[in-house]
Amino acid sequence: MVIALVLCITLFIWMIMWHVYGKQNPSSTTYRTSTTEFSKLTEAYIMQNMVGSDNGIPIVRPEPNTNVFLMAEMWRWSPVLILEKDQSYKFHISSKDIVHGLSIQPVNMNFQVYPGYDYLLEFKPTETGEYKVICNEFCGIGHHTMIGKIVVIEKDEDLKLYGFKDLKKPAGKAAAKKNEPLTEAEMALMGEQVYTLKGCGACHKTDGTSLIAPSWKGLYGKDEHVIVDGKKTTVKVDDEYIKESIQNPTSKITVGYENTPMPVMGLSDEEIAQVIAYIKTL
Ligand code: CUA
């Protein structure tokens, strides 16, 4: 009885002490949002700030003291973030579909991420390194592959340590600043973002390999064999043909890819023009 009592009291005291000396999960402020609204915000945010891509996931390098959007979806965390040590960021975290768990390793910070809620979290990394964002809420067959990345650096040279080589200037930001039409190079950069964000790369490679869809490398201007209404013919790959292929993928089907029809992606005219500019550079 005495031992049990002492143990109880000790644990009780520790309960209070832990608040002061223990490692606490920081607390977030929660706002109501909708999945569509949050994904729109995140997509716009990435468009503006993207500097490259890491295995198909956009990379963003936010300015200190700004809003940062991090979205969970089956089965990825987007974007990859490059942060600076000892700078604060306002993280907005939400899910696009179902409940996920945000777990930053190896520091072991854990949050649940519900769709429909925007978790606002003051985030200030105090040590450099590469952190994994692991999903710790079972969310389907791809759950174990849902690993995001946060890299904390001190100076620009550190980027090399983590394998980030040619990061670009955010194209969207330059575009938003000036009211002039975009240059061809800026258009191409935006097109590359569309390619990453919309997942075009799942089928269309840019290195000349073509497994389930024609590669975009050297595509522009070449003669493509296509099937129109069951008949084989040849078309020149130009702006018009690419636009038609995006808006109405089944009107002309490239010979050799009859069995892997392309889905309608719902791109805006502007996005299509950007994609065309990007294809031209390949
Ligand atoms: Cu997301 Cu498990």
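The values are calculated or read from the model by the stated rules, or taken from the named source; none is laboratory data. Nothing here was measured: the structure is a model prediction, and the numbers come from that model. Backbone-built Cβ (ideal geometry, glycine too); neighbour counts: all protein chains shown. Ligands, DNA and RNA are stripped out before the accessible areas are found, and what is left, the full protein with its side chains, is counted by its heavy atoms. Shrake-Rupley method; radii C 1.70, N 1.55, O 1.52, S 1.80 Å.
At-a-glance table
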read-out	value
Rounded D (µm²/s) - segment 172-280, Kirkwood Rh over Cα pairs, Stokes-Einstein at 37 °C, 0.692 mPa s	225 µm²/s
DSSP bridge pairs, segment 32-151: antiparallel proportion in percent, nearest 5	70 percent
Amide proton proximity set for Phe69, modelled H, under 5 Å, gap of 5+	His92
Protein accessible area in the chain, 1.4 Å probe - carbon and sulfur %	57 percent
Cut-off under 5 Å, modelled amide H: who pairs with Tyr117 long-range	Thr33, Ser95
Helical segments meeting 18 Å axial Cα length and Kyte-Doolittle -1.0 threshold in the chain (DSSP H)	2-21, 35-49, 184-197, 269-281
Neighbourhood net charge (13 Å Cβ-Cβ; Lys/Arg +1, Asp/Glu -1) for Ile153	-3
Per residue accessible area of the chain, 1.4 Å probe, in Å²	58 Å²
Expected 222 nm ellipticity per residue - DSSP helices of 4 or more, -39500 (n - 2.57), all of the chain, to 500	-9000 deg cm²/dmol
Phi to ³J(HN,Hα) by Karplus 6.51 cos²θ - 1.76 cosθ + 1.60 over segment 65-76, Hz, x for Gly, Pro	6, 10, 6, 10, 9, 10, 10, 9, 8, 5, 10, 7
Segment 87-173: radius of gyration over Cα atoms, expressed as a fraction of 2.2 N^0.38 Å	1.22
Glu84 long-range amide H proximity, modeled H, under 5 Å	Ile153
Beta bridge orientation in the chain: antiparallel %, DSSP, nearest 5	75 percent
Peptides 41-49, 142-150 ordered by average Cβ neighbours within 10 Å, highest first	41-49, 142-150
Set Lys132/Lys217; Lys85/Lys168; Lys198/Lys243; Lys165/Lys222; Lys40/Lys149; Lys96/Lys217 screened for pairs whose C-alpha atoms are more than 24 Å apart	Lys132/Lys217; Lys165/Lys222; Lys96/Lys217
Cα-based equivalent ellipsoid, the chain: semi-axes from gyration tensor eigenvalues, Å	45, 21, 16
Burial order of peptide ranges 228-240, 58-70, 26-38 (average beta-carbon count within 10 Å, highest first)	58-70, 26-38, 228-240
